[in-house]
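Here is the structure we will look at, set down as structure tokens.
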Amino acid sequence: MITKKIVLFALFFITNTVLAQNYISVTESWIRTAPPNAPMLGGFMDINNSSDKEIKLTKVNAKEFKRVELHRTIDVNGTMKMMKQDYIPIPANGLTKLEPGSWHIMFIGPVSVPKEGDMVMLGLSFDDGSKLMVHTTVKKSKLIKHNHDSMEMNHD
Ligand SMILES: [Cu+2]
């Protein structure tokens with residue numbers, strides 16, 4: 001009896017996971033390197049939605065950090081500010097780029113700051129009930145900055 005229930009639950013879970021991965025896929029994921037005493041790190045990725053309706057990223061889990069928030073950097077009267085968001089929308093049949101100066105994942109309170117090349121496992125949850133595991137790598141920023149603007153200061 002108990003075994004039957006477990007099997008049914010497992011089947012349900014597998015089916016759900018497969019469906020979720022049909023609609024949402026993640027590419028180009030990375031976490032930006034930070035100094036050993038950094039209080040927070042930024043995470044970036046491209047999230048693709050192949051369904052015909054908007055799907056929202058509502059939560060990110062990573063056990064190496066005390067708290068994970070969804071952020072967006074917004075221009076407020078010429079000053080770039082990071083604002084906490086309840087979700088990150090992924091448009092129907094489209095993609096949202098999480099990148100420096102825009103949408104990003106904020107990893108707060110690292111147990112110990114991961115080094116360049118380290119792998120971090122993320123659990124992404126979406127408002128359609130789907131979940132996705134993403135292996136991401138700690139890398140140096142790909143962008144070459146010619147000056148340090150306030151956005152960069154906020155992040156590092
Ligand atoms: Cu942020």
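The values are calculated or read from the model by the stated rules, or taken from the named source; none is laboratory data. Computed from a predicted structure; not experimentally measured. We place every Cβ from the backbone using ideal geometry, glycine too, and count neighbours over all the protein chains shown.
Structure notes:
- Scanning region 38-64 for residues that are farther than 22 Å from residue 130 by Cα and within 14 Å of the ligand (Cβ to nearest atom) gives 38, 39, 40, 41, 42.
Conditions (1) closer than 25 Å to residue 24 by Cα; (2) modelled with pLDDT under 95, marked per residue:
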site: 87; (1), (2): yes, no
site: 98; (1), (2): yes, no
site: 139; (1), (2): yes, no
site: 142; (1), (2): yes, yes
site: 146; (1), (2): no, yes
site: 149; (1), (2): no, yes
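- Qualifying positions in region 67-85 - exposed (fewer than 11 other Cβ atoms within 10 Å of the Cβ) and away from the ligand (no atom under 11 Å from the Cβ): 67, 75, 76, 77, 78
- Region 93-104, subset among the polar types (S, T, N, Q) and surrounded by 14 or more Cβ atoms within 10 Å (Cβ to Cβ), residue farthest from the ligand (Cβ to nearest atom): 96
- Residue 90 under 25 Å from residue 22 (Cβ atoms), in contact (Cβ under 8 Å) with a residue 40 or more places away in the chain, surrounded by 14 or more Cβ atoms within 10 Å (Cβ to Cβ) and within 14 Å of the ligand (Cβ to nearest atom): no
- Note on region 57-66: among residues that are under 12 Å from the mean Cα position of the chain (by Cα) and not β-branched (Val, Ile, Thr), the one that is surrounded by the most Cβ atoms within 10 Å (Cβ to Cβ) is 57.
- Pairs linking a residue in region 50-69 that is farther than 19 Å from residue 120 by Cβ to a residue that is modelled with pLDDT of 95 or more and within 16 Å of the ligand (Cβ to nearest atom), with Cβ atoms under 9 Å and 6 or more positions apart or on different chains, are 56/86; 56/87; 56/88; 58/70; 58/86; 58/87; 58/88.
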